[in-house]
Amino acid sequence: MSIAVFASGSGSNFESLVERSRKQWPRPVSLLISDKPQAGALERAERLGVPAFVFQPKSYENKAAYEQAILAVLQEHEIEWILLAGYMRLIGPTLLGSYPWRILNIHPSLLPAFQGKDAVEQALAYGVRWTGVTVHWVDEGMDTGPIIDQKPVLVEPEETLESLMKKVQFVEHNLYPATVYKLLTGKIPDRPSGR
Ligand code: GAR
């Protein structure tokens, strides 16, 4: 039951998943996959001693070939769960078909509000009083799969993007590892009801 994290960015969620997995989960995170050679997540992987692989989509003929290359590494490492943590790409049929209801994502809003990029900025610009964080199963859409858990974050009148980002990330770093722990240990169902 090995676990891989996919990340494109700074990797703060990746790091919180690795740390919590080592302390609490039945299995630690054992692999990082990134689509960006300059992703901060890669430096964190090196520091944390987690094997990491970079796959750049432009090196492949199409998305299926790109995902097939990733799949080969996942299978070599006997990966059963994929945790997207700031992986800014849609998952295609190759990976979805090989990992039915075994791919999760974290998103920095209360979905279905503010899907896609810059969700914290979108929430602030809209003027909502509450935003938050969502953990969900991944399907073929962007931030659209069945929701597993959510946590609200209050937007104060004087909130700045920086301060709101900090509060949202603090909640992310707790909610994601806690939700995965519950899934892996059978405390909550490990697939959407009826699937
Ligand atoms: C996180 O806030 C994550 O929720 C978001 O990217 C950030 C990555 O930060 N993901 C999305 O917006 C997905 N649509 P990190 O690299 O520091 O973990």
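Only the coordinates and a few stated rules stand behind these numbers; no lab work does. Keep in mind the model is a prediction, meaning the values are calculated, not measured. Methodologically, a virtual Cβ is constructed for each residue, glycine included, from the backbone with ideal geometry; neighbour enumeration extends over all protein chains shown.
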Within straight cross-link reach of K58, meaning Cα distance under 18 Å, which lysines are found once same-chain residues fewer than 8 apart are removed?
K36
Rounded to the nearest 10 degrees, what's the angle between the helix 63-76 long axis and the longest principal axis of the chain, both from Cα atoms, 0 to 90?
70
Search the structure for amide H atoms under 5 Å from the amide H of G11, placed 1.01 Å from N in the peptide plane, and list their residues when 5 or more places away or on another chain.
A41
For the Cα atoms of the chain, what angle does the longest principal axis make with the long axis of helix 161-184, in degrees from 0 to 90, nearest 10?
50
Each residue of the stretch 34-40 in turn: what ³J(HN,Hα) in whole Hz from Karplus with 6.51, -1.76, 1.60 and θ = phi - 60°, glycine and Pro shown as x?
10, 9, 10, x, 9, 4, x
What percentages make up the Cα-Cα pair-distance distribution of the stretch 1-113 when the bins are 10 Å wide from 0?
14, 49, 32, 5, 0
Averaging sequence separations of C-alpha pairs under 8 Å and six or more residues apart, then dividing by the length of the chain, give the relative contact order as a whole percent.
20
Once the mean of 1/r over all distinct C-alpha pairs in the chain is inverted, the Kirkwood radius in Å reads 17.0
A convex hull over the alpha carbons of the stretch 134-189 yields, per residue, a volume in Å³ of 91
At what distance in angstrom do the alpha carbon centres of the stretch 161-177 and the stretch 35-54 lie from each other?
21
Scanning the chain for GluC sites (Glu not before Pro) in DSSP loops with at most 13 other Cβ atoms within 10 Å, what's the longest stretch left with none?
79-139
What list of ³J(HN,Hα) values in whole Hz, one per residue of the stretch 124-140 in order, does the Karplus curve 6.51 cos²θ - 1.76 cosθ + 1.60 (θ = phi - 60°) give from phi, with Gly and Pro shown as x?
5, 5, 6, x, 5, 7, 10, 10, x, 9, 10, 10, 9, 6, 9, 10, 6
Value at 222 nm in deg cm²/dmol, rounded to 500, when DSSP H runs of n ≥ 4 in the chain each add -39,500 (n - 2.57)
-11500 deg cm²/dmol
Fully extended contour minus Cα-Cα distance, from E158 to Q38, at 0.36 nm per residue:
39.8 nm
